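Chemist: To start, I am sharing the structure in question, which I have written as structure tokens.
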Amino acid sequence: MNGPTQPPRRVPVAVGSGYEVTIGSGLLVTAAAVIAEQRVVVVTDVNVVRAHGAALVASLESAGKSVTLLTVQPGEASKSLATWGELVGAVARSGLGRDGAIVALGGGVVGDLAGFVAASYLRGVAFYQFPTSLLAMVDASVGGKTGLDLPEGKNLVGAFWQPRAVIADVATLTSLPEREFKQGTVELVKHGYLRDPRLLQVVGPDWHRGADPALLIDAVTGSVAVKAAVVSADERESGERAHLNFGHTLAHALEAVTDMALQHGDAVAYGMLYAGLLARQRGHADLVPDLLRLVEWLQPAPLPAVAFSDLAPFVARDKKSAGGLPRFVLLAELGSAYLADDVTVEEQEAAYAALKELIA
């Protein structure tokens with residue numbers, strides 16, 4: 001992989017001691033300049049290691065660092081207690097000490113998993129994120145959330161563990177299937193609905209995995225800036241950070257009821273459209289037509305043929321729930337999100353029926 005082809009952009013994240021997200025093209029070959037530790041364990045998956053593992057390892061080893069490479073299977077199933085246990089054991093056998101570092105190279109699954117390994121091994125070691133999917137670049141790699149799934153729901157085990165740095169190399173996006181690139185676009189557009197309407201304009205013929213690096217860098221930077229601003233104001237999700245879960249209440253339920261067979265971007269797109277229907281029922285600004293256009297562009301997998309009663313237990317266990325009651329992120333208008341904790345079961349069922357009718 002060649003070196004940087006565009007000037008990198010940097011977005012500060014003001015949590016803890018603070019760190020930067022660097023966005024550019026051709027950044028993997030400069031990895032050694034970012035990681036201060038001499039002993040490094042790289043966690044990746046079997047697909048990403050073939051595409052990008054050699055570039056990262058070569059950069060680190062050329063700087064005299066000791067590198068252990070660990071791989072997991074791709075997909076949400078790897079975010080399990082069993083896989084976490086295998087990784088922690090492998091890290092221990094590698095001899096990594098408190099002066100070493102865990103590096104995540106991959107998408108959101110790898111980042112969540114490796115981050116929890118870093119947070120829990122020796123009660124916490126240095127952690128770096130090198131996201132290789134659009135979803136991870138604009139969302140999962142920023143903010144310090146790590147997590148594992150349980151049969152009872154998604155991301156129910158985890159910790160807040162901030163990385164020392166995040167390096168988003170948009171050149172790695174060319175190795176993604178276009179379908180995966182579209183999945184990440186959903187989270188990028190979500191940030192547009194929450195804070196930066198300019199991001200809503202990316203969807204179109206010029207937006208694809210092999211797009212002009214300048215376009216990719218600009219859009220990723222704008223999306224990361226939204227996430228960073230929210231995280232910096234609310235690291236532990238005690239307030240505004242919960243707004244980043246726009247669309248995720250139903251999305252996580254859809255993922256859980258399908259045993260993670262529905263991809264995250266598809267689920268969030270359905271979830272945002274559902275939230276738009278809830279908001280419209282309450283007399284808020286009608287964003288449903290715009291949200292429906294996003295769903296149509298995405299061409300998601302079919303909505304699972306399940307009744308709302310099948311989803312309700314997972315909705316109730318969502319992380320945002322309080323006092324056993326689900327809370328939904330709704331938009332009163334574009335850029336104006338709030339948490340609604342008084343959405344009745346009747347409202348939820350009516351919006352779900354409208355969702356099924358709208359996409360039939």
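Chemist: Out of curiosity, is SER66 closer than 28 Å to SER25 by Cα and hydroxyl-bearing (Ser, Thr, Tyr)?
Modeler: Yes.
Chemist: Here is a follow-up. Conditions first: (1) touching a strand residue (DSSP E or B) at 6+ places or on another chain (Cβ under 7 Å); (2) at pLDDT below 95; (3) assigned to a helix (DSSP H, G or I). MET137 passes all but one, so which condition is the exception?
Modeler: So MET137 meets the others, but not (2).
Chemist: Would you check which residues across region 19-57 are over 26 Å from SER78 (Cα atoms) and either touching a Gly at 6+ places or on another chain (Cβ under 7 Å) or part of a helix (DSSP H, G or I) (or both) and list them?
Modeler: GLY26, VAL29, THR30, ALA32, ALA33, GLU37
Chemist: Output the residues belonging to region 114-163 that are more than 21 Å from HIS248 (Cα to Cα) and in contact (Cβ under 8 Å) with a residue 60 or more places away in the chain.
Modeler: Those that are more than 21 Å from HIS248 (Cα to Cα) and in contact (Cβ under 8 Å) with a residue 60 or more places away in the chain: ALA114, VAL117, ALA126, TYR128, PHE130, THR132, GLN162, PRO163.
Chemist: Another question, if that's okay. Taking helices (runs of 4 or more DSSP H) that do not extend beyond region 280-360, which have at least 3 residues that are at positive phi and buried (at least 16 other Cβ atoms within 10 Å of the Cβ)?
Modeler: none
Chemist: Let me ask you something else. Could you check VAL57 against (1) surrounded by fewer than 18 Cβ atoms within 10 Å (Cβ to Cβ); (2) in contact with a strand residue (DSSP E or B) (Cβ under 8 Å, 6 or more places away or on another chain); (3) without any contact (Cβ under 8 Å) to a residue 24 or more places away in the chain and say which number it fails?
Modeler: Every listed condition holds for VAL57 apart from (1).
Chemist: Hey, among the residues in region 225-249 that are in contact with a strand residue (DSSP E or B) (Cβ under 7 Å, 6 or more places away or on another chain) and hydrophobic (A, V, I, L, M, F, W, C), which one's farthest from GLY153 (Cα to Cα)?
Modeler: Within region 225-249, the match that is farthest from GLY153 (Cα to Cα) is ALA225.
Chemist: Out of (1) of a type in the set (A, V, I, L, M, F, W, C); (2) in contact with a helix residue (DSSP H, G or I) (Cβ under 8 Å, 6 or more places away or on another chain); (3) buried (at least 21 other Cβ atoms within 10 Å of the Cβ), the odd one out for ALA118 is which?
Modeler: (2)
Chemist: Please determine whether any residue of region 124-134 is within 21 Å of ARG241 (Cα to Cα), among the polar types (S, T, N, Q), touching a Phe, Trp or Tyr at 6+ places or on another chain (Cβ under 6 Å) and in a strand (DSSP E or B).
Modeler: no
Chemist: Quick one: which residue in THR172, THR146 is part of a helix (DSSP H, G or I), under 25 Å from SER78 (Cα atoms) and modelled with pLDDT of 95 or more?
Modeler: After applying the criteria, what remains is THR172.
The values are calculated or read from the model by the stated rules, or taken from the named source; none is laboratory data. As the structure is a prediction and not an experimental result, all values here were calculated from the model. Neighbour counts run over all protein chains shown; Cβ positions are idealised from the backbone, glycine included.
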